[in-house]
Amino acid sequence: MAERPRVLIVGGSGVFGRLLSHELLRTTSVDLILAGRGLSAAIAACRELGAPDRTSAIALDLGDPESLTRAARGCLAVACAAGPFQELSHELPMAAVRAGAHWLDIGDHEGWVVPVLDDATLDAAARDAGLAVIPGLSTVPALSGALARWGCERLPGADRARITLFIGNRNAKGAGAIASAMSSGFRRPTPVDLPFGRRIAYLARSPDTELLRRDLGLDAEFRVVLEWAPAGLLVFGLRPVWSRLGSRTRSRGARILAAISPLFGRFGSEGGCLQVDLWDGKWRRSVAALSGDQRIGILPCAMALQRLLEDDLPERGVVHPAAWLSPRTGIGELVTRGVRLVTVPSAEQVYQAAEGLPFDPE
């Protein structure tokens, strides 16, 4: 019997590493190696997944790229769900390429995604090895980029965009996700209308600001909504202090906040929402992707991995996270995996409804 392909899940014991592992076990026949900072946590994650014949655990020090190369040898791909990405070594994707493995990650920090996309040396090495390196396969910038492309096809004159990410209060919050949120620099709280009502959204850093300018000529901003309003105020209030802390202190603080977060996460929703608003100076076009759980954050990565396993992702070298599938194909596949796509009423739609005119969301 042929040996099953293996994928190394870096950060496999974390919240998103476990979600990605569960999705891959459900939708593919791949074997998984879950790598964590501590072996005991990785073993516990394997036990939680309930597939002992398809999962194994190792300890991995991401501060040593050579250890990643050794761990990735014989694997089809490395999928990185470890964070915070802004603190990871930019040598890690090259370490996977040296091992002969594709590299995919769910990074959503501009200080990670944009430099990886711009790394010409990495691109050349991956092309020579026949491998793909795809950063940013998460809600942002993969899904946000796909939604922006979908919207621009329907509003060709769009020149401005707003990306809004809504995070449900009952979502599990790991130390990496909290560190990323704290480092994103919540600023300028502003009301934003989402499919389920108005919420306070904070301006934050995102790869979309740069990538949508490059790719689509959009002047874009990124905002985050935390369902529990006091949580947003806390992140907003701590921003000046957090930015002055050293990396070790920030890491320790993120672990403390992650440990106490379940005390405040017993109410609200587990869902997520990503909304893209586009303007062309006259009309607004809005589309939102809603999910009942946190899987929306790992689905682009799971989709790319499945295509690599099926030899259905021909791009090699450094690949843009929102461009390896057409918007229609990518969004359609997300819908089959449980994501709901809705158009949000805009001034144009309200006017057309008032005049009794038909409106086609497609």
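What follows draws every value from the coordinates through simple rules; no lab data is involved. Because the structure is a prediction, the values reported are computed rather than measured. All Cβ positions, even for glycine, are placed from backbone atoms using ideal geometry, and neighbour counts span all protein chains on display.
In the distance distribution for region 15-147, Cα-Cα pairs more than 19 Å apart total 50 percent. Highest mean first, the peptides 83-93, 314-324 sorted by other C-beta atoms within 10 Å per residue fall in the order 83-93, 314-324. Once you reduce region 32-81 and region 271-298 to the center of their Cα atoms, the two points are 33 Å from each other.
Top mean-square fluctuation among Phe16, Phe267, Phe166, Gaussian network model of the chain, C-alpha springs under 10 Å? Maximum among the listed residues: Phe267.
Considering only Cα atoms, the convex hull volume of the chain works out to 138 Å³ per residue.
Each peptide in 250-257, 34-41, 138-145 was scored by the mean count of other Cβ atoms within 10 Å over its residues; highest first, the order is 138-145, 34-41, 250-257. Could you work out the local net charge near Ala181, counting Lys and Arg as +1, Asp and Glu as -1, over the other residues with Cβ closer than 12 Å to its Cβ? Charge balance in the 12 Å sphere: +3. Of the options Ala289, Gly168, Val30, report the single residue whose Cα projects farthest towards the positive end of the charge dipole of the chain (beta-carbon charges: Lys, Arg +1; Asp, Glu -1). Among Ala289, Gly168, Val30, the one farthest towards the positive end of the dipole of the chain is Gly168. Judged by the gyration tensor of its Cα atoms, with axes a ≥ b ≥ c, region 269-337 is oblate; a/c meets the 1.5 cut and b/c is at least as large as a/b. Ranked by the mean number of other Cβ atoms within 10 Å of their residues, highest first, the peptides 49-57, 107-115, 167-175 come out as 107-115, 167-175, 49-57. Computed over neighbours whose Cβ is under 10 Å from that of Gly272, the net charge equals -2, Lys and Arg +1, Asp and Glu -1.
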